[in-house]
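Student: Shown below is the structure under consideration.
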Amino acid sequence: EAGVAQSPRYKIIEKRQSVAFWCNPISGHATLYWYQQILGQGPKLLIQFQNNGVVDDSQLPKDRFSAERLKGVDSTLKIQPAKLEDSAVYLCASSPLAGGAYNEQFFGPGTRLTVL
Amino acid sequence: GNSVTQMEGPVTLSEEAFLTINCTYTATGYPSLFWYVQYPGEGLQLLLKATKADDKGSNKGFEATYRKETTSFHLEKGSVQVSDSAVYFCALIKAAGNKLTFGGGTRVLVKP
């Protein structure tokens, strides 16, 4: 079974530029997550989708970050404009479904963003 | 809110040494607890989990016991190998929504 795919793996941009990341979850997984992992810290949830609806985006900086999940499958995360503090690894994860019981999240390899 | 605190690294060990990584949590009620591992160049992988008090999660020689009285979930392995070199994250999920809250991670380096 193919895992969670992400691209690009690395991206270097200058501040105030825009950038987009792509995620393809495991086939059939209803729930998709984007996490931000700053160097030396644990991942922090940015947004959670179930199918193509947003479940939780309470920690997404909505003035510059946006995300969408078209047709409940692939997802893109965009930053516009980027700031220096956005330098981090952006992780995508998926799970079969969300609810009262835990469903294991499967993580992609991440996209490492460097903002200069 | 929910939070997870784990010991800072790096932890440097020799092969076959005993490994302990401390993890404590703050949450109301009864969270589920997890250890994730991140090997160099790879994504996060679930290592083990425990969903209720006194449960012991185990995998690949690693163990952790859910201790509600001390709000802890310490990770242990009796004899580490070079291949165990990685960053280990303690995490919890509280109630519905499947939202993981992670600790800061502990880097472990095992030398031959």
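Student: How large is the charge dipole for the protein assembly as shown, taken about the Cα centre, if only the Cβ atoms of Lys, Arg (+1) and Asp, Glu (-1) carry charge, to the nearest 20 debye?
Tutor: Values: 23 positive and 20 negative charges, 105 e Å.
Magnitude of the dipole: close to 500 debye.
Student: Hey, can you find the accessible area per residue of chain A for me, probe 1.4 Å, expressed in square angstrom? Intermediate results must be reported in sequence, preceding the final value.
Tutor: Numbers: 5680 Å² over 116 residues.
So chain A comes to 49 Å² accessible per residue, rounded to a whole number.
Student: Further, regarding this structure: Of the heavy-atom accessible surface of chain B (probe 1.4 angstrom), what whole percent is carbon and sulfur? Kindly include the intermediate steps, with their values, before the conclusion.
Tutor: Values: 2510 of 5210 Å².
Of the solvent-accessible surface of chain B, carbon and sulfur hold 48 percent.
Student: Please tell me the relative contact order of chain A in percent, rounded to the nearest whole number, where contacts are Cα pairs under 8 Å and at least six residues apart. Mind dumping the intermediate values first?
Tutor: Working: 292 pairs, mean separation 42.6, N = 116.
Computed over chain A, the figure is 37 percent.
Student: As I understand it, the dipole of chain A uses +1 on the Cβ of Lys and Arg and -1 on the Cβ of Asp and Glu, about the Cα centre. Which of A:Gly108, A:Ser7, A:Cys92 lies farthest toward its positive end?
Tutor: So the residue furthest toward the plus end is A:Ser7.
Student: Under the definition of Cα pairs under 8 Å and six or more residues apart, what whole-number percent is the relative contact order of chain B? It would help to have the intermediate numbers written out before the result.
Tutor: Values: 296 pairs, mean separation 41.8, N = 112.
Relative CO of chain B lands at 37 percent.
Student: Also, I was wondering about something else. Chain A: D in µm²/s via Stokes-Einstein (Kirkwood Rh, Cα pairs, 10 °C, 1.306 mPa s)?
Tutor: Numbers: Rh = 14.1 Å.
My calculation gives 113 µm²/s for D.
Student: Let me ask you something else. Give me, ordered by chain and number, the residues 5 or more places off B:His74 or on other chains with an amide H under 5 Å from its own placed amide H.
Tutor: Amide H neighbours of B:His74: B:Cys23, B:Thr65.
Student: Cross-chain or 8 or more residues apart, Cα under 29 Å: how many lysine pairs in chain B fit that? Count them up, please.
Tutor: Lysine pairs satisfying the spacing and distance rule in chain B number 27.
Student: Now for a separate question. Just name one of A:Tyr33, A:Ser66, A:Val54: the one whose Cα is farthest towards the positive end of the charge dipole of chain A (beta-carbon charges, Lys/Arg +1, Asp/Glu -1).
Tutor: Most positive-ward Cα: A:Ser66.
The values are calculated or read from the model by the stated rules, or taken from the named source; none is laboratory data. Bear in mind that the values here come from a model prediction, so they are computed numbers and not experimental data. Note: ideal-geometry Cβ built from the backbone for every residue, glycine included; neighbour counts use all protein chains shown. Please note that ligands, DNA and RNA were not included when accessible areas were found on the heavy atoms of the full protein model with its side chains. Shrake-Rupley method; radii C 1.70, N 1.55, O 1.52, S 1.80 Å.
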